[in-house]
1. As an exercise: evaluate N114 against (1) surrounded by fewer than 15 Cβ atoms within 10 Å (Cβ to Cβ); (2) over 12 Å from the mean Cα position of the chain (by Cα); (3) at pLDDT 85 or above; (4) in a helix (DSSP H, G or I) and give the number of the one condition it does not meet.
2. With respect to the numbered conditions (1) of a type outside the set (S, T, N, Q); (2) in contact with a Leu (Cβ under 9 Å, 6 or more places away or on another chain); (3) closer than 19 Å to N114 by Cα, which one is the sole condition not fulfilled by M91?
3. Any chance segment 35-48 includes a residue that's under 15 Å from T67 (Cβ atoms), touching a residue at least 40 places away in the same chain (Cβ under 8 Å) and either of a type in the set (A, V, I, L, M, F, W, C) or in contact with a Ser or Thr (Cβ under 9 Å, 6 or more places away or on another chain) (or both)?
Amino acid sequence: MVDFLRELVGFIPKKERLKLFMDFYEECSLNSREAARVLGISVRRVYFYLPNRRNNRVRNYPNDETTYLILKTLFKKNPERAFKAVKRLNMEFNRVQAGVLFKGIHQKLKDLYNIMV
């Protein structure tokens, strides 16, 4: 499953990466230090991913490695929330009509979704 997650994160759109990060941040009790410790990044980097309070603007988006760590940690800490994230990604890929580029990954995502149901 680890290899599958590494392949998957390259195809996740920016909006979905932010949703994953916010789910992970809530899972860490909205504690920036704990989120940074688990992900192995600086606290300052965590603040870059959080939306600005005034205009809801994000200064940066999680990269592939950070997104992979977020997904991996969500599967360990809260499988139910990870299931919802996988379901959301499955719906997003279905909406995009996964083409040739997504074909192998889309099938693995569908299999994972069916196993979790």
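The values are calculated or read from the model by the stated rules, or taken from the named source; none is laboratory data. Model, not experiment: these values are computed from the prediction. All Cβ positions, even for glycine, are placed from backbone atoms using ideal geometry, and neighbour counts span all protein chains on display.
1. (3)
2. It is condition (2) that M91 fails.
3. Within segment 35-48, none of the residues are under 15 Å from T67 (Cβ atoms), touching a residue at least 40 places away in the same chain (Cβ under 8 Å) and either of a type in the set (A, V, I, L, M, F, W, C) or in contact with a Ser or Thr (Cβ under 9 Å, 6 or more places away or on another chain) (or both).
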